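Only one structure is covered here, and it is reproduced in the block below.
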Amino acid sequence: MSTQSRSTSLVLGLVVAFAAAAACGRKPPVAQPGPTTTPPPATTPTAGPPPGPTTPPTPPGVPSEPAITSNPYDKMTLDEINDPARSPFKPVFFEYDSDQLNDTARQVLQENARVLKENATFIITIEGHADERGSPEYNLALGERRALATKSFLVSLGVGGDRLQTVSYGKEFPFDPGHTEEAWFQNRRAHFMVTKK
């Protein structure tokens, strides 16, 4: 073999050796993790409560049954209903020598009208009262005007006038027998009594 061929073989061998050594010293590339996508969890349809019995629809033209409500006054006597501590009706009060309804009296009468509408069989007597000052005749007339003013306002709220009776007692039956402004105020009133239920 010629010297030149030997040199060429030697060079080629060295190149191959260096290439092999370089290849051995290099670590193989590590696969980098890519973005992981996890599949969505398997969803199973949520089971609701088992279907219950269905109410059959009301046929057209047939009214549905009204809800049954208990009326606390059905089992009460008239004396119990008219007991001031239990009565659903509140009295209205008047200023001295007046038959005019003030704002407080109108609010009370609106509530009394609601009770009357809920108890459509009630017949009411509205009593007109006055304090002790003035003559018996004058106070009878004043009590009558107070009872009529009260009735008129209730009728304006939709209560049937045939369910409302009036009477005047003037100063004959005071609610408070005292002789003070407070007692007189208590006696200037329109008072409600259920006479039929």
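Bear in mind these aren't lab numbers, they're just calculated from the coordinates by the rules spelled out. Since the structure is predicted, the reported quantities are computational estimates derived from the model, not experimental observations. Ideal geometry is used to build each Cβ from the backbone, glycine not excepted, and the neighbour counts take in all protein chains shown.
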Scanning region 122-155 for residues that are more than 15 Å from Phe192 (Cα to Cα) and hydroxyl-bearing (Ser, Thr, Tyr) gives Ser135, Tyr138
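Only one residue in Thr195, Thr104 is within 24 Å of Ser70 (Cα to Cα) and hydroxyl-bearing (Ser, Thr, Tyr), so which one is that? Lay out the reasoning, then the answer.
Working: Thr104 fails: within 24 Å of Ser70 (Cα to Cα).
Every option except Thr195 fails the conditions.
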Residues that are closer than 21 Å to Asn71 by Cβ and in contact with a Leu (Cβ under 7 Å, 6 or more places away or on another chain): does region 124-135 have at least one? yes
Can you tell me which residues in region 79-100 are in contact with a helix residue (DSSP H, G or I) (Cβ under 6 Å, 6 or more places away or on another chain) and among the aliphatic types (A, V, I, L, M)? Val92
When region 72-99 is examined, which residues are found to be in contact with a Lys or Arg (Cβ under 9 Å, 6 or more places away or on another chain) and within 26 Å of Glu181 (Cα to Cα)? Pro91, Val92, Phe93, Phe94, Glu95, Tyr96, Asp97, Ser98, Asp99
State yes or no: is His191 out of contact with any Lys or Arg (no Cβ under 8 Å at 6 or more places or on another chain) and either touching a residue at least 60 places away in the same chain (Cβ under 8 Å) or among the aliphatic types (A, V, I, L, M) (or both)? yes
In region 176-188, is there at least one residue being crowded, with 21+ Cβ neighbours inside 10 Å and charged (D, E, K, R)? yes
